[in-house]
Amino acid sequence: ADQNRAFAFMAAAISFWTIGLATAYHARIGHTWAIRLAFASSSLIPLGVLAFVNHLPVRSPNHIRVKKWVFTPVGIVFCLLSFSPVVVVSVTHPSFDRSLTTYGPLYPVFAAYVIACFAYSFHILAAKYRVSTGFLRLQIRYLVFAITISSGLATASNLLVPLLLKTSALSKYGPFFSLLLLGLVGHAIIRHRLMDIRIVIKRSVVYLAAFVAAGLILIMLLVASNLILHEQRQTPLREIILALAVAVFFSPLKGHIQRTFDRYLYREPYDYQRTIREASRALGDTIELPRLLSYLSGLVVRTLKCEGVAIYLLEHDEARFDLAITGTDGKFPDHLDLSSALVAKIERARETVFRDEIADGPTALDGRELRAEFSRLGAEVVVPLVEEEQVIGLLCLGAKRSGDPYFSDDADLLTTLANQSAVAIRNAQTHQRVVQVNEELQKILSTIKSGVIAVGAKGKIALFNRAAEQLTGLPARTARGQSVEDLPLPLARLIIGTVHDGQSRSQEEFALPDAAGQLVPLVCSTSPLLNPQGATVGAVAVLADLSRLKELEQEKRRAERLASLEAIASGMVHEIRNPLVAIKTFSQLLPVRFHDEEFRDTFSRVADREIRRIDGLLTRFRTLASASSQPMELMDISGPLQDTLETLRPQLEEHRIQLRRVADGTPRPILGNVSQLEQLFLNLCLNAIEAMEPGGELAVRIADLSEGGGTTLLVEISDTGCGIPEELLATIFNPFVTTKTHGTGLGLAICRSIADAHHARFAARNNVGRPGSTFTVEFPVPVGAARVRP
């Protein structure tokens, strides 16, 4: 790195400066070339300090980046001029313990350059200190102390004192002040990861050990060769063979020593790029959360050789981080509260926190709390797992087994692994939730009694639960993956309509035959399935069996009939008593007036008429009670309606009633009973004729609502009469409720009973904007009825 090279350049310049001064001020070996070497090296020391400060990982202002290059050519020029008399002339030793340095004419300019360069370096360092934060600010603080104190003392003893006091007696103490600089920088390197110099130490030791081992081998070969070849040849063959042998053995020997040294001191350093590459591949191939966490913890332990590792994941419901997995022998708490000082710091900064980097905050309590949290956690490093600006987990590492601190490349590796792992963990959590929700959904769908059918955008059935299988009669295993058109026609129409227009259908009723051929009433609601862009990608239909509801409705009607039994009985008594009173009166007078022929004729006519009246009343009452027990068959509803209208044609002509039919002549099949439907239509048409004055209009309309996506067939009979009183609309279908002067009140009750037997909706309303009333009957259309022809 540039920062490492700049530090090496600065250290080398200080070393040559120290060697030059030590040689120049030595009474026996001191020479002018040595003092000139010291001055040449000292002209490069400010450049090394400037380069080292400039390469700190904080962005410098633009004017600083421009002005720093002004000192470089000046320093190089003074380095070259230092070997001439213009900067330093000579060094002499008047006595054994006294040295005298004679300076050249450019020495004041040289001193000004050194002081200016040091001052400018301090200016850059101060500017970077002001804009830095956190741990980097702590590193720069050490550099401020090191450079300010050491450069100030060295400049005073080696530049200002000779310049102002004309004596170089203190110059020999200057190198001691450089030890302070190197010591503080070394402390920042070791304790605060200013630079990672492990590779320098490692390679130096390895090369030294390899050099010593190779030297020993060379000595052994020389001794052996002297015993064998010392008198046989006088050519350099021996030296050539020995050199080749040393060259051959040196490289593998160095490699072996390096591997041994790595295992002993550093536990085999990792390959950063290879580790990241393998981690990326493994994290991308793993979707199961336990395996993912196990791999991540194992990778961290194997790579960094830490004593313990733990991964905490955020639990939104509990508002805390729960321990998900631990590795090795580390003892970690089961959870971390969001209110803890450590978690709060990580939530704010969203960056890695090292235990040895903790500095006191605005109050001394902040630092103590963080250190206490680290102690309780038993960790040295806590790395946040950040996904979409949210901390979803924490990666906690214990101390390294080697006792080494965590260096900058360790921090980079942990940060990169944390970023990749956060995405993988979020995906695994999402997958886990989807699997869990899918399992719960399947359990719910398998237990509910409503049928659920889901269809994709291509019209293929994706979901078909057990209840749908029972309601439609289609096996679930064969239905999945089939086209929606394979479903029963009324159901398929509803789903296809929702897929095409994206509109929901609610509470649509239709009937499907069961295995025995009996119609089962169903209700269906559909909803579109939308993608994130709002486009329709399918539909879901929910089916429910209305059989029980219909049974309850029939039971309700049966209960209502029982509740109205008193009224029916009272009405029946009244209707039967009237003709019986007439017969009784005649029978009482019969003994007295038996010989009166006119009386006998009158009695005969009255008795016959009243008996027929009672018989008709009983017949209609029997029709009311037995409508639901008649057999049903597939038939065209136009047939009984047409027969009824032909039967009523003479009455229509007699009352000058105009007939208006709204129908296209297409057969309209339903399941019904012909005789009952004729009775139904006859009662409705007769009521309409009796309610109208001459010149009225009787309108009959048939509409197949299933053609527009519905499930019913509508028959409407409308008149232009006086209408139904509002107070009777709610009870018009009850027995003995009538608007006629001489009516029995059973006609509409019979119609209601026939409609119920056909599972039809029967309703009455007054016309809006015109006189009269309209009766509507909605018959359910059986599945496949559109393909049936009578």
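The values are calculated or read from the model by the stated rules, or taken from the named source; none is laboratory data. Computed from a predicted model, the values in this text were never measured in an experiment. Every residue, glycine among them, receives a Cβ derived from its backbone with ideal geometry; neighbour counts consider all protein chains shown.
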Count of region 56-99 residues which are part of a loop (DSSP other than H, G, I, E, B), at pLDDT 80 or above and not hydrophobic (A, V, I, L, M, F, W, C): 3
If I filter region 394-413 down to residues being among the acidic types (Asp, Glu) and modelled with pLDDT of 85 or more, which single residue comes out as nearest to the chain's Cα centre (by Cα)? 412
Subset of region 102-114, residues buried (at least 18 other Cβ atoms within 10 Å of the Cβ) and assigned to a helix (DSSP H, G or I), comes to 107, 110, 111, 113, 114
Which numbered condition trips up residue 32, out of (1) at pLDDT below 80; (2) closer than 19 Å to residue 117 by Cα? (2)
Would you please list the contacts, defined by Cβ atoms under 9 Å and residues six or more apart or on different chains, that run from a residue in region 671-693 that is more than 18 Å from residue 660 (Cβ to Cβ) to a residue that is assigned to a helix (DSSP H, G or I) and among the acidic types (Asp, Glu)? 674/643; 678/643
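With over 30 Å from residue 500 (Cβ atoms) and touching a strand residue (DSSP E or B) at 6+ places or on another chain (Cβ under 6 Å) as the only criterion, which of 699, 691 stands out? Reasoning before the result, please.
Working: 691 fails: touching a strand residue (DSSP E or B) at 6+ places or on another chain (Cβ under 6 Å).
The match here is 699.
Can you tell me how many residues in region 732-788 are assigned to a loop (DSSP other than H, G, I, E, B) and either at pLDDT 85 or above or touching a strand residue (DSSP E or B) at 6+ places or on another chain (Cβ under 8 Å) (or both)? Break it down stepwise before answering.
Taking region 732-788 first, the residues assigned to a loop (DSSP other than H, G, I, E, B) are 732-746, 758-760, 767-772, 781, 783-784, 788.
Okay, now just the ones that are also either at pLDDT 85 or above or touching a strand residue (DSSP E or B) at 6+ places or on another chain (Cβ under 8 Å) (or both), so 732-733, 758-760, 767-772, 781, 783, 788.
Within region 732-788, residues that are assigned to a loop (DSSP other than H, G, I, E, B) and either at pLDDT 85 or above or touching a strand residue (DSSP E or B) at 6+ places or on another chain (Cβ under 8 Å) (or both) number 14.
Condition first: assigned to a loop (DSSP other than H, G, I, E, B), within 22 Å of residue 301 (Cα to Cα) and modelled with pLDDT under 85. Now tell me which residues in region 334-383 satisfy that. Break it down stepwise before answering.
Filtering region 334-383 down to residues assigned to a loop (DSSP other than H, G, I, E, B) leaves 334, 338-340, 350-352, 358-363, 378-380.
Those still in the list that are within 22 Å of residue 301 (Cα to Cα) too: 334, 351-352, 378-380.
The answer is 378, and nothing else.
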Could you tell me which of the residues 122, 177, 110 is over 20 Å from residue 71 (Cβ atoms) and assigned by TED's automatic domain parsing to the domain that holds residue 92? 177
Kindly establish whether residue 713 is modelled with pLDDT of 80 or more and either in a helix (DSSP H, G or I) or exposed (fewer than 15 other Cβ atoms within 10 Å of the Cβ) (or both). no
Of the conditions (1) without any contact (Cβ under 8 Å) to a residue 24 or more places away in the chain; (2) part of a strand (DSSP E or B), residue 508 clears all except one; give me its number. (1)
